[in-house]
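Asker: Can you read through this structure? Questions will come right after.
The values are calculated or read from the model by the stated rules, or taken from the named source; none is laboratory data. Source: prediction; values computed, not measured. Here the Cβ is made from the backbone with ideal geometry for all residues, glycine too, and neighbour counts use every protein chain on show.
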Amino acid sequence: MSKNPKMKWLIAVGLILIMLLPAIGCEKAPAAPQVLRVNLAGEPATIDPNRASWADQRSVVVQCFEGLLGFNQDLTLKAVVAKEIPSVANGGISSDGKTYTFKLRTDVTWSDGTKVKATDIEYSIKRMLNPSLACEYAYLYYNIVGSVAYNSAADQSEGNMTALRDAVGVKALDDYTLEIKVDQAQPTFLQLMALWPVYPVREDIITQYGDQWTEPPHYVGNGPFILTEWVHQDHMTFKVNDNYWGTKPKLSEIQYKMISDVNSELAAYKNNELDMARVPPGSEKTIMADPVLNKETVRYNELTTFAFQFNLTKPPFNNLKVRQAFSTAIDRVSFVDKVRAGVGRPALSWIPPGMPGYDANLGKAYEFNTTKAKQLLAEAGYSDVSKLPQIKFQFNDSAGNRLIAQFLQGQMQDNLGITITLEPMESKAFQQMVNAEQHTWAWFGWGADYPDPENWLPAMFETGAGNNHTLYSNPAFDALCEQGKYELDDAKRAEIWAKAAKILSDDSPIVTVFYRERFWLAKPNVKDLITTAMDGQIPGDLFFFKTNLSD
């Protein structure tokens, strides 16, 4: 070894440089952004949680907002903003079942960094019940003390409205304790508290920006993502909420395109412009036969039923026998095979498989039978079908819906000798017509908001229900619904719902057609796509915060 001090110094410096070189040369490049590109298929009507519909909320609102409670993948309840699920055992539910006390987490923040407090949820619930907001889901919360009086108030003075609002049984006891009083013990109330209409919203933001509060950057939420861009009729961009209190998403960005045409959507997927896509109706078998695309299919059952809904105030559908005849004249098995390419299941009753209350035998009296259908039509007074008034069928104009409408037209002509007129409509105009109950006969679907028959029977068919667009009304059915809502004994409750479902089936305000099975495509690098039977517009959208992209 050299005894030269200078040489020792040079050797030492050389060694340091050698040690540093690997660190410099091998420094890791920043991880590539994980951008998930999916298609919402159209402009949402609103993304205000208090006002949003099923389709709007499932895919958009849940990215930016979270409620006191939520649903796990198996649709059981979980605590989210609440510390725990209230129960009698933990003091969260009173012994008479009429008072709920929610203890909030103290670490939940809004996307601007401020704390989420009980007053935010009190404000949100009372805002949702404000009649001026016209929330279509307000009726779900009519068991809350004072809710009906407030939500149904009209032409009241400002002072009276304030008094009615203050009388609603929702109160922040302190920053992190919320109390809700209900009129009757209700077995599904906690499920209702997991839904989007009662997610917290910010009073100061809404007061400052009014109807523009849902536009970025004013759309302040408490969820894993924030909406950073909304180019109307084109796309939305979501990025990670840096102030999110929970585990940060693995995705850095989500892009929602608004491609309305399903064939264009598939083309964009094949061109690597989308990471997920719908499969055009009628092309399922072609996809399954494709050696590449078949491996990219995402298939699973949903709690969703599709049906033809009559307007019971429009002749001839005010005649029960006519409705039953039409139901019996439709070959549902052929529909699933020819229109859906075998994807889905024929539906003879309203409540879908996988839901409490599903009965595989219900509706068999209206299985496809042309002889019986003609007999029912004759009993209705129409043995000569030329005496029937003109029958129109309205539908949202899309490639898939055109196939459905043409199938129905063919069934009526071939099986009953009836010619029906098809009326395709632009999406918004069609929805407005149905909401105003001006349709004659229309195509519609219903997906579970929460997994209970209450969401399928009174929600859609009780007299005056917000989603009852058939205008169906039966006092016996209504009485059973009122019993079912508040019966705490599970066995008795199941019997009540079974009786109500049987009445609905026999009264035939709708023709159930099929239970939907999701059939989508997803690129191989889309990992941890957690689907549920209650997904919204896009598979896995309830759990996008767990999804990631990797090679």
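Asker: Only residues that are more than 19 Å from GLY540 (Cα to Cα) and surrounded by fewer than 17 Cβ atoms within 10 Å (Cβ to Cβ): list them for segment 237-251, please.
Answerer: ASP242, ASN243
Asker: With the structure loaded, tell me whether ALA138 is exposed (fewer than 15 other Cβ atoms within 10 Å of the Cβ) and outside the structural domain of PRO451 (by TED's automatic domain parsing) or whether it fails that test.
Answerer: Criteria not met by ALA138.
Asker: Pairs only if they're at least six apart or on different chains, beta carbon under 8 angstrom, first in segment 408-420 and over 13 Å from ALA373 (Cβ atoms), second at pLDDT below 95 and surrounded by fewer than 19 Cβ atoms within 10 Å (Cβ to Cβ); list them, first residue then second.
Answerer: Close Cβ pairs satisfying both conditions: none exist.
Asker: Condition check: surrounded by 18 or more Cβ atoms within 10 Å (Cβ to Cβ), within 21 Å of the chain's Cα centre (by Cα) and in a strand (DSSP E or B). Does ILE254 satisfy that?
Answerer: Details: surrounded by 18 or more Cβ atoms within 10 Å (Cβ to Cβ): yes; within 21 Å of the chain's Cα centre (by Cα): yes; in a strand (DSSP E or B): yes.
Judged against the criteria, ILE254 is a match.
Quick grid of which residues meet (1) assigned to a loop (DSSP other than H, G, I, E, B); (2) basic (Lys, Arg); (3) surrounded by 22 or more Cβ atoms within 10 Å (Cβ to Cβ):
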{"position": "GLN438", "(1), (2), (3)": "yes, no, no"}
{"position": "GLY445", "(1), (2), (3)": "no, no, no"}
{"position": "LEU488", "(1), (2), (3)": "yes, no, no"}
{"position": "LYS499", "(1), (2), (3)": "no, yes, no"}
{"position": "VAL513", "(1), (2), (3)": "no, no, yes"}
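Asker: Moving on to the next point. Among the numbered criteria (1) surrounded by 14 or more Cβ atoms within 10 Å (Cβ to Cβ); (2) modelled with pLDDT of 95 or more, which one does ASN361 miss?
Answerer: Unmet condition: (1).
Asker: Do we have MET460 as in the same structural domain as LYS502 (by TED's automatic domain parsing), crowded, with 21+ Cβ neighbours inside 10 Å, of a type in the set (A, V, I, L, M) and assigned to a helix (DSSP H, G or I) here? Spell out the reasoning first.
Answerer: Working: in the same structural domain as LYS502 (by TED's automatic domain parsing): yes; crowded, with 21+ Cβ neighbours inside 10 Å: yes; of a type in the set (A, V, I, L, M): yes; assigned to a helix (DSSP H, G or I): yes.
Taking the combined requirement at face value, the residue satisfies it.
Asker: Any chance segment 265-275 includes a residue that's outside any loop (DSSP other than H, G, I, E, B) and polar (S, T, N, Q)? Spell out how you get there, then give the answer.
Answerer: Let us first name the residues in segment 265-275 that are outside any loop (DSSP other than H, G, I, E, B), namely 265-270.
Next, only the ones that are polar (S, T, N, Q) stay: none.
No, because not a single residue in segment 265-275 is outside any loop (DSSP other than H, G, I, E, B) and polar (S, T, N, Q).
Asker: When you look at ILE180, is it of a type in the set (A, V, I, L, M, F, W, C) and surrounded by fewer than 23 Cβ atoms within 10 Å (Cβ to Cβ), yes or no? Steps first, please.
Answerer: Numbers: of a type in the set (A, V, I, L, M, F, W, C): yes; surrounded by fewer than 23 Cβ atoms within 10 Å (Cβ to Cβ): no.
The answer is no for ILE180.
Asker: Name every residue in segment 104-124 that is in contact with a strand residue (DSSP E or B) (Cβ under 8 Å, 6 or more places away or on another chain) and buried (at least 20 other Cβ atoms within 10 Å of the Cβ), in order of residue number.
Answerer: Of the residues in segment 104-124, the ones in contact with a strand residue (DSSP E or B) (Cβ under 8 Å, 6 or more places away or on another chain) are 104-106, 108-109, 111, 115-119, 121-122.
Hits for segment 104-124 are LEU104, VAL108, SER111, VAL116, LYS117, ALA118, ILE121, GLU122.
Asker: From the residues in segment 491-510 that are of a type in the set (Asp, Glu) and in contact (Cβ under 8 Å) with a residue 24 or more places away in the chain, which one is farthest from ASP359 (Cα to Cα)?
Answerer: Looking at residues that are of a type in the set (Asp, Glu) and in contact (Cβ under 8 Å) with a residue 24 or more places away in the chain, I get ASP507.
Asker: Then there is this: So which helices (runs of 4 or more DSSP H) are wholly in segment 94-198 and hold at least 2 residues that are modelled with pLDDT of 95 or more and touching a Cys at 6+ places or on another chain (Cβ under 8 Å)?
Answerer: On the way: elements: 118-129, 147-151, 158-166, 189-192.
Output list reads 118-129.
Asker: Any residue that is touching a Cys at 6+ places or on another chain (Cβ under 9 Å), surrounded by 21 or more Cβ atoms within 10 Å (Cβ to Cβ) and either assigned by TED's automatic domain parsing to the domain that holds PRO353 or in contact (Cβ under 8 Å) with a residue 12 or more places away in the chain (or both) - is there at least one of those in segment 533-550?
Answerer: Within segment 533-550, the subset touching a Cys at 6+ places or on another chain (Cβ under 9 Å) is none.
No, because not a single residue in segment 533-550 is touching a Cys at 6+ places or on another chain (Cβ under 9 Å), surrounded by 21 or more Cβ atoms within 10 Å (Cβ to Cβ) and either assigned by TED's automatic domain parsing to the domain that holds PRO353 or in contact (Cβ under 8 Å) with a residue 12 or more places away in the chain (or both).
Asker: Can I ask one more? I'm trying to understand the selection: among the residues of segment 330-352, which are loosely packed, with under 15 Cβ neighbours inside 10 Å and part of a loop (DSSP other than H, G, I, E, B)? Walk me through how you get there before you give the answer.
Answerer: Kept after step one, since they are loosely packed, with under 15 Cβ neighbours inside 10 Å, are these residues of segment 330-352: 333-334, 337-338, 342.
Answer for segment 330-352, where residues must be loosely packed, with under 15 Cβ neighbours inside 10 Å and part of a loop (DSSP other than H, G, I, E, B): just GLY342.
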